Amino acid sequence: MLLITGATGHIGRRLVDELNTRGADFRALVRSARPDLPAEQQIGDLDGPLDLHGIDKVFLLVPGTGLDHTVNVVAAAREAGVRQLVYLSSYAVLGDPIPAMGHWHHEREQLIRNSGIPATFLRPTGFMTNAVDWLPTIRAGGYVLDPIGPGRSAPIDPADIAAAAATVLTEDGHEKQEYTLTGPEALTLAEQVAILGGAIGRTLDVRPIETPEEAVRFRYPDGAPPDLAAAIVEGLKLMRADTTGLRTDAVRRLTRREPRTFATWCDDNQLLFK
């Protein structure tokens, strides 16, 4: 029996569909019953003690930046004899040094690793769904703010993350493995905006932001907590400096198909932007 956390989010909901397609035996951990979720449901949350007896594998998606949820799951998993933890981490843990945005993922990975429970770490790049954050300026003036200029990244469709997770949960041999999941193309933000514009039939402008600090002020006009602001500034500087963009073949190896392109994601989600 598998247990899926975060089953109502971008990735978890798609993972439910993937597991149903594969005929897997699983439950979704939910705070309250969800008639719209096609899965057997276990009522509970990550804030306190969990009963994981009868669960063989856990897909762990943890919100926020703390360790408490991971501590709770690891304790319950050890007590119940869970055989595998699959943790949705981030490619940010690969930095040397690790940037602030990757620190909490690294700490969670270490906690899970030290538990002695065989684990699989999935480390995706930025999600294609992050393009939804452009909606306010697109609707207000037909433009997107660009704080990373020449920087390139290979964003990934959450559907591909879910498909990769389904593979490592339903097939043997993925324990103690780490997979960095990326999309197929390393794109600048301007190139992504042009692709989105083509999908929705609009010419979208790209307005450069001169400094990361300006991007933080725009996103948080009333001010961001200092630690968060510093982490965002650091992250944007690293993204601007990466003019190659990390790409791997992990999605293809796990799902046995090519990862979805940003153009395909835009075509499938064009109504969101109209």
- Considering only the range 213-249, state which residues are within 16 Å of Ala92 (Cβ to Cβ) and either among the polar types (S, T, N, Q) or open to solvent by less than 50 Å² (accessible area, probe 1.4 Å) (or both). Ala231, Ile232, Val233, Gly235, Leu236, Gly245, Thr248
- Message: Can you pull out every residue in the range 72-103 that is more than 17 Å from the chain's Cα centre (by Cα), at pLDDT below 95 and of a type in the set (A, V, I, L, M, F, W, C)?
- Response: Ile98
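Tell me, please, whether a residue that is part of a loop (DSSP other than H, G, I, E, B) and in contact with a helix residue (DSSP H, G or I) (Cβ under 8 Å, 6 or more places away or on another chain) can be found in the range 226-245. Give the derivation first.
Residues of the range 226-245 that are part of a loop (DSSP other than H, G, I, E, B), as a first pass: 242-245.
Filter once more, so that each one left must be in contact with a helix residue (DSSP H, G or I) (Cβ under 8 Å, 6 or more places away or on another chain): none.
No, the range 226-245 contains no residue that is part of a loop (DSSP other than H, G, I, E, B) and in contact with a helix residue (DSSP H, G or I) (Cβ under 8 Å, 6 or more places away or on another chain).
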- What is the residue count in the range 153-177 for residues that are under 21 Å from Leu238 (Cβ atoms) and either more than 18 Å from the chain's Cα centre (by Cα) or without any contact (Cβ under 8 Å) to a residue 60 or more places away in the chain (or both)? 0
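Can you list the strands (runs of 3 or more DSSP E) found entirely within the range 103-184 that contain at least 2 residues being open to solvent by less than 10 Å² (accessible area, probe 1.4 Å) and under 16 Å from Phe59 (Cα atoms)? Before you say what the answer is, go through the steps one by one.
Numbers: elements: 119-124, 143-146, 177-181.
Here the list reads 119-124.
Could you go through the range 251-258 and let me know if any residue there is open to solvent by 70 Å² or more (accessible area, probe 1.4 Å) and of a type in the set (A, V, I, L, M). Spell out how you get there, then give the answer.
If we filter the range 251-258 for residues that are open to solvent by 70 Å² or more (accessible area, probe 1.4 Å), which is where we start, we get 252-253, 256-258.
Next cut, of a type in the set (A, V, I, L, M) only: none.
The answer is no; no qualifying residue exists.
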- Task: Scan the range 259-271 for residues that are out of contact with any strand residue (DSSP E or B) (no Cβ under 9 Å at 6 or more places or on another chain) and either surrounded by 14 or more Cβ atoms within 10 Å (Cβ to Cβ) or modelled with pLDDT of 95 or more (or both) and jot them down.
- Result: Thr261, Ala263, Thr264, Trp265, Cys266, Asp267, Asp268, Asn269, Gln270
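The values are calculated or read from the model by the stated rules, or taken from the named source; none is laboratory data. The shown structure was predicted, so the numbers you read here are calculated from the model rather than taken from an experiment. With ideal geometry, Cβ positions are generated from the backbone for all residues, glycine too; neighbour counts draw on all protein chains shown. Remember, those area values only see protein heavy atoms, side chains included, never the ligands or the DNA or RNA. Shrake-Rupley method; radii C 1.70, N 1.55, O 1.52, S 1.80 Å.
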